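Step one of this worksheet: look at the structure below.
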């Protein structure tokens, strides 16, 4: 069965650079969520989109922005990267009306040097 | 302020015995709870969930118990197998409040010894 696809799996950037993470949800899923997991930390909710509109917002820095496109894939754009942005970034997708199939991707490991 | 708490960072059990992972929450708006299993460098994998209208849900070797008055839930794995060794995250959401986002605990690392 198709899963949530995230790309790239690994990314190394320098401070003050920009990074773009991509997420392709499970087919027919209309909601995408982004989470950040720092070293030794629990996943923290960043932002979510339902039908291409932002549906909820968590602890996402102003330097980050995200959007969901017409094909339901989502991109997380991160600018002015800081060392503290180094983390695993997970995307999950679901059907909005329930948490059924709330499925996570394998994540993108971002390292800022 | 940690709304979902897993107070045991690690747990070690023998193969064949029961593993009990605990989770407490503080937000009374939470009405849906999930358990995820996570291996290093992989995304969380859904295990089992429970709605606040129930107090027990069972799926094979996994059973989740919910005590709403105590704001406590637990995951029982029986019998435990070495392949169950992973980090287990408890998560909660307030679906009636219109939010589908998950709030995670810090995880419990389970080690099942052969």
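Nothing in this text is a laboratory measurement; each read-out follows from the coordinates by a stated rule. Keep in mind that what you see is a predicted model, and the values were worked out from it rather than measured. Glycine gets a Cβ as well: all are built from the backbone with ideal geometry, and neighbour counts include every protein chain shown.
Under the definition of partner shielding as Cβ atoms of other protein chains within 10 Å of a residue Cβ, what is the mean value for peptide B:31-40?
2
Let me test this: with uniform point scatterers at the alpha carbons of the protein assembly as shown, what is the Debye-based log₁₀ I(q)/I(0) at q = 0.11 1/Å?
Debye curve over Cα of the protein assembly as shown, log10 I(q)/I(0) at q = 0.11 Å⁻¹: -0.54.
Semi-axes of chain A's equivalent ellipsoid from the Cα gyration tensor, sqrt of 5 times each eigenvalue, largest first, rounded to whole Å? Could the numbers behind the result be given before it?
Working: eigenvalues 104, 38, 32 Å².
Semi-axes from the Cα gyration tensor: 23, 14, 13 Å.
From the P(r) of chain B, could you give the percentage of C-alpha pairs in the tail past 18 Å?
Details: 2942 of 6441 pairs.
Taking all Cα-Cα pairs of chain B, the fraction more than 18 Å apart is 46 percent.
When Cβ neighbours within 10 Å are restricted to other protein chains, what is their mean count per residue of peptide A:30-42?
On the way: counts 0, 1, 0, 3, 1, 5, 0, 6, 0, 0, 3, 3, 12.
Mean shielding count: 3.
Mind giving me the FRET efficiency for residue A:70 and residue A:22? R0 is 22 Å, r the Cβ-Cβ distance, nearest 0.05 is fine. Mind showing how you got there, number by number?
Numbers: r = 15 Å, r/R0 = 0.67.
For residue A:70 and residue A:22, the calculated efficiency is 0.90.
Return the single residue from B:74, B:51, B:28 with maximal mean-square fluctuation; model: Gaussian network over chain B, springs between Cα atoms under 10 Å.
Most flexible of the set in this elastic network: B:28.
Using label points projected 7 Å from each Cα along Cα→Cβ, tell me how many nm separate residue A:44 and residue B:78, to one decimal.
3.8
Give the whole-number value, in cubic angstrom per residue, of the convex hull volume spanned by the C-alpha atoms of the stretch B:39-104.
Measuring per residue, one finds 102 Å³ for the Cα hull of the stretch B:39-104.
Give the calculated FRET efficiency between residue A:15 and residue A:51 to the nearest 0.05, with a Förster radius of 45 Å applied to their Cβ-Cβ distance.
For residue A:15 and residue A:51, the calculated efficiency is 0.80.
Neighbour counts of other C-beta atoms within 10 Å: give me A:71, B:1, B:55 arranged from fewest to most.
Lowest to highest Cβ neighbour count: B:1, A:71, B:55.
Between the stretch A:1-19 and the stretch B:61-110, how many Å separate their Cα centres?
The distance from the Cα centre of the stretch A:1-19 to that of the stretch B:61-110 comes to 28 Å.
State the extension gain, in nm to one decimal, for the chain segment bounded by residue B:28 and residue B:42, taking 0.36 nm per residue of separation less the distance between their alpha-carbons.
Length gained, residue B:28 through residue B:42: 2.0 nm.
Of A:108, B:45, A:18, how do they rank once you tally other Cβ atoms within 10 Å and put the fewest first?
Numbers: A:108 22, B:45 14, A:18 11.
So the ranking, lowest neighbour count to highest, is A:18, B:45, A:108.
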